[in-house]
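Notes for the one structure printed next.
The values are calculated or read from the model by the stated rules, or taken from the named source; none is laboratory data. Quick caveat, the model's predicted, so the values are computed rather than measured. All Cβ positions, glycine included, derive from the backbone under ideal geometry; neighbour counts span all protein chains shown.
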Amino acid sequence: MSETYAFLAMFAIQIVTGSVLCPALFIRRIRADAASFPDERFAELFPGVDKNISTERFVTRFRVQNTGLAVLGLLLLGYLFIDMRSPDRNAGQMPVVLVSVYLVAQLIPLFLIGRNGARYNRMLKSSLADGKRKAVLQRRGLFDFVSPFTVSLAALSYFLLFALVIYIRQHPFPGYGGFTNVGIITLLYAVSAFVVYGQIYGGKKGNPLATHADRLHAIGAVVKTLVYTCIGGSLFVSLDLMLGLLRLGKWGPFAVDAFIVVSAIVSYPSILPRRRPKGDGLGSGGPLPPPGTRDLPA
Amino acid sequence: MEITIDIDSPVPQFEQLIDQVKAAVTAGVLKAGDALPSIRQLANDLELNSKTVAKAYKLLERDSVIETKGYRGTYVHPKAKTNCKFNLQEWTLRKLSEAIAELREAGVTDSEIRNAFVGAIGRQPSAK
């Protein structure tokens, strides 16, 4: 029964993190972005619209959406509490499915914000088209955003999972997925690597008013979140396999929910507004090349 | 160091890029051994075609202002500051003038020099 209570407690944390804390941070971000937006530019773009009133309206709408989702989550929690407590009830995968569907619902307001933001940036870009394009002559690399230790940890966790899967193949348990687990994690790593590469070297600047430091902050947040998600994904699959191996499969729903909550918390830095820095945090370093061999004739 | 490309300017974009990199090297903002962004990164940041940035890098490399070190990336050349002052066009003109003067002294006519120049260029393997 303790696994049921642990799962329900974790689900309650998911409701709080996803529909209360995360929106609160987002509202902070929205207010900070709105405050840093030049008033005269806003007046040009939206004549006759008060910036503060429209920001507060936007914030209220976002808050209402998330409060609705929190209430829905509490109702779902109540249902699960009643349903899972009955001793003769075998819920199977139902709690995991419900938690996953609820997670998707929690992401809808953020998705809407992202869509609106992209539309707004496009409009801003076309209004700012002055024919001047700026860039900082500074190389970006993966290790400017995450430490080599963290990247090594991500690689190590992948290989350890691979080793664990090979080990469990010799002592399989009912429902063991084998190399499917490795396949899923490989896909996660591949997609993350693709997105990280695109963020660092490619991709256009979304917000045309964003400074170089803002952009580095945004790239850093995405890169860190993805690398940590890869580590978390490997750990979660390993934990899930261990639970199966130790005949503790009933703790599976709790493990899934814990993974969701940890992933949400890890992604918080990408939501927070950037602190005004003293510098960009990037060095122009790199190894010094050996003396050149070619001199142009005088 | 920030660079600005004016897409409405009559100066070609790759030339603007070359001029600004050379100006940064001459001013000491970019020092020997400093890492430069990759072609892809700079092209994306400036929203230019990567071929434009590649052309600028190629010409800077030809002038020994930058050097490419394979997968390690592109760096400012150790003698970039000196090489920035070097004017390749002027140097070419001077070398040709010297050769023409020598040929004239030997009694070769201008039309013969012109034909010989075209023939000599035709015999050389094509430049990259």
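Among the residues of the stretch B:63-77, those that are facing chain A (nearest Cβ under 9 Å) and either part of a strand (DSSP E or B) or surrounded by fewer than 21 Cβ atoms within 10 Å (Cβ to Cβ) (or both) comprise B:Asp63, B:Ser64, B:Glu67, B:Lys69, B:Arg72, B:Gly73, B:Thr74, B:Tyr75, B:Val76. Since A:Ile166 meets every condition but one in (1) in a helix (DSSP H, G or I); (2) under 23 Å from the mean Cα position of the chain (by Cα); (3) not polar (S, T, N, Q), which condition does it not meet? Failing condition for A:Ile166: (2). Residues of the stretch A:195-240 that are within 12 Å of chain B (Cβ to nearest Cβ), hydroxyl-bearing (Ser, Thr, Tyr) and touching a residue at least 24 places away in the same chain (Cβ under 8 Å): A:Tyr201 alone.
When A:Val222, A:Val165, A:Val182 are checked against the criterion of being closer than 18 Å to A:Val266 by Cβ and surrounded by 13 or more Cβ atoms within 10 Å (Cβ to Cβ), A:Val222 stands alone in meeting it.
Filtered by the rule that a residue be outside any loop (DSSP other than H, G, I, E, B), more than 7 Å from every other protein chain (Cβ to nearest Cβ), surrounded by 14 or more Cβ atoms within 10 Å (Cβ to Cβ) and charged (D, E, K, R), the stretch B:16-45 gives a lone residue, B:Lys22. Taking the numbered list (1) on the phi < 0 side of the Ramachandran plot; (2) over 20 Å from the mean Cα position of the chain (by Cα) in turn, A:Gly48 passes all entries but (1). The set of residues in the stretch B:1-10 that are more than 7 Å from every other protein chain (Cβ to nearest Cβ) and out of contact with any helix residue (DSSP H, G or I) (no Cβ under 8 Å at 6 or more places or on another chain) contains only B:Pro10.
Taking the stretch A:1-112 as the region of interest, the helices (runs of 4 or more DSSP H) fully inside it that hold 3 or more residues being within 30 Å of A:Ser126 (Cβ to Cβ) and among the aliphatic types (A, V, I, L, M) are A:22-36. Of all residues in the stretch A:146-194, those satisfying the criterion of being under 26 Å from B:Asn44 (Cα atoms) and either of a type in the set (A, V, I, L, M, F, W, C) or touching a residue at least 60 places away in the same chain (Cβ under 8 Å) (or both) are A:Val146, A:Val151, A:Leu188, A:Ala190, A:Val191, A:Ala193, A:Phe194. If you go through the stretch A:114-160 and keep only what is modelled with pLDDT under 85 and either within 25 Å of the chain's Cα centre (by Cα) or among the hydroxyl-bearing types (Ser, Thr, Tyr) (or both), you end up with A:Gly114, A:Asn116, A:Gly117, A:Ala118, A:Arg119, A:Tyr120, A:Asn121, A:Arg122, A:Ser126, A:Ser127.
Taken over the stretch A:126-141, the residue count meeting the criterion of being facing chain B (nearest Cβ under 7 Å) and small (Gly, Ala, Ser) is 2.
Any residue at all in the stretch A:174-189 that's more than 20 Å from the chain's Cα centre (by Cα), within 14 Å of another protein chain (Cβ to nearest Cβ), of a type in the set (S, T, N, Q) and assigned to a helix (DSSP H, G or I)? For the stretch A:174-189, residues more than 20 Å from the chain's Cα centre (by Cα), within 14 Å of another protein chain (Cβ to nearest Cβ), of a type in the set (S, T, N, Q) and assigned to a helix (DSSP H, G or I): absent. Taking the criterion of being of a type in the set (Val, Ile, Thr), more than 15 Å from the chain's Cα centre (by Cα) and in a helix (DSSP H, G or I), the residues of the stretch B:78-128 that qualify are B:Ile100, B:Ile113, B:Val118, B:Ile121. Within the stretch B:83-102, if we keep just the residues that are over 30 Å from B:Val118 (Cβ atoms) and buried (at least 16 other Cβ atoms within 10 Å of the Cβ), the residue that is nearest to the other protein chains (Cβ to nearest Cβ) turns out to be B:Asn83.
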